[in-house]
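See below for the structure under consideration.
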């Protein structure tokens, strides 16, 4: 008997799950209020980069329409605005890639339809879920909007914040010259904020996403509160002023006559994210289970680019379990949780640690940054491990682990540890 799975929400997690299920002989139906042709006229959804492990999953699903050798980036530049600024670069083993989700998601939705997936275009209310679930062997909820997120209670020990930790201003911009190597650049302005610059494919070609993580109460918070639409020229002038002050190596690559939102006023988002991990399933009124996936399961601040990547990973794990199992009960969820828990929790814990550590520029983190900045193999490993947040959390989960990570690698490197420490 063919299994039937219902998926509420057509974000990246839901789309990749749906494609995996179709690929493995499972019927899947998506419920969404967005048709493919509607995405182009929408406001920017986010500024997401897919790490190369996520791109490899897209290859397996046959939905990688944007080859990384053409559209990808090859490493990370780092700029730390201490009194004596630090600048260094780390290589990725394979290129990663960022595509405007207003291009990415409708294309995957079209793939899903072309391969026989069913789609129902209509808003879904919370009270509809029990009735909808009767059509399927399992219902997966991939949208955390409104009451859907409230269905799945937060896990207190993994949800330490009750409010956003950064005032976000993110957008797609033109007029920024690429550095020597196409790469993400991560900027740190102690006490004020962080900024991630991501080469991104959008409607007119390659542009730059600026993800501005502004400290609440700091000099950069005004960027999250000033509206572009009120006075575009004044907003751009303000942004240029702050970039020159806090992120000067980015400002130096800007052609100020061309610098603006890449596609127009819809290319900017402002607000905040409260990092939260929720329980993995909930029982509906009719006794059936609804499974959490994507942002409804775990949402993180975008400072380390982990959200969509851990959602993609969790979608594949859930898909594999659905294909392998015939009974979708609490034991099914235990096995799914065991398979996806380490990466999801490590991504959230590492992100939360960095939010706190960067905000306070903790001595442990400062020592770590100083050590890797002097040793290319260390910064390469740190950069590559953005693909593997469990490896990053192995390093940062305690001060002893951080010190041991650095000491072990310095001891085995060609750089004299005493020289590196002195520098």
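The values are calculated or read from the model by the stated rules, or taken from the named source; none is laboratory data. Bear in mind that the values here come from a model prediction, so they are computed numbers and not experimental data. Cβ atoms come from the backbone with ideal geometry, glycine included; neighbour counts cover every protein chain shown.
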message: Just the residues that are more than 26 Å from residue 3 (Cα to Cα) and not in a helix (DSSP H, G or I), please, taken from the stretch 22-42.
response: 42
message: Can you pull out every residue in the stretch 57-89 that is within 19 Å of residue 100 (Cα to Cα) and without any contact (Cβ under 8 Å) to a residue 12 or more places away in the chain?
response: 59, 64, 67, 70
- prompt: When you scan the stretch 135-149, how many residues do you find that are in contact with a strand residue (DSSP E or B) (Cβ under 9 Å, 6 or more places away or on another chain), surrounded by fewer than 18 Cβ atoms within 10 Å (Cβ to Cβ) and either at pLDDT below 90 or not assigned by TED's automatic domain parsing to the domain that holds residue 29 (or both)?
  reply: 0
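Residues are listed down the side, and each one gets a yes or a no for (1) more than 26 Å from residue 40 (Cβ to Cβ); (2) in a loop (DSSP other than H, G, I, E, B):
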position	(1), (2)
57	no, no
63	no, yes
70	no, no
79	yes, no
102	no, no
111	no, no
135	yes, yes
145	no, yes
148	no, no
- request: Evaluate the following for residue 285: is it surrounded by fewer than 16 Cβ atoms within 10 Å (Cβ to Cβ), in the same structural domain as residue 136 (by TED's automatic domain parsing), in contact with a helix residue (DSSP H, G or I) (Cβ under 9 Å, 6 or more places away or on another chain) and outside any helix (DSSP H, G or I)?
  value: yes
- prompt: If you go through the stretch 228-248, how many residues are part of a loop (DSSP other than H, G, I, E, B) and free of Cβ contacts under 8 Å to residues at least 40 places away in the same chain?
  reply: 3
- line: Filtering helices (runs of 4 or more DSSP H) wholly in the stretch 311-423 for at least 2 residues that are within 30 Å of residue 291 (Cβ to Cβ) and touching a helix residue (DSSP H, G or I) at 6+ places or on another chain (Cβ under 6 Å) gives 330-360, 389-396
- prompt: Out of (1) within 15 Å of residue 291 (Cα to Cα); (2) modelled with pLDDT of 95 or more, what's the single condition that is false for residue 113?
  reply: (1)
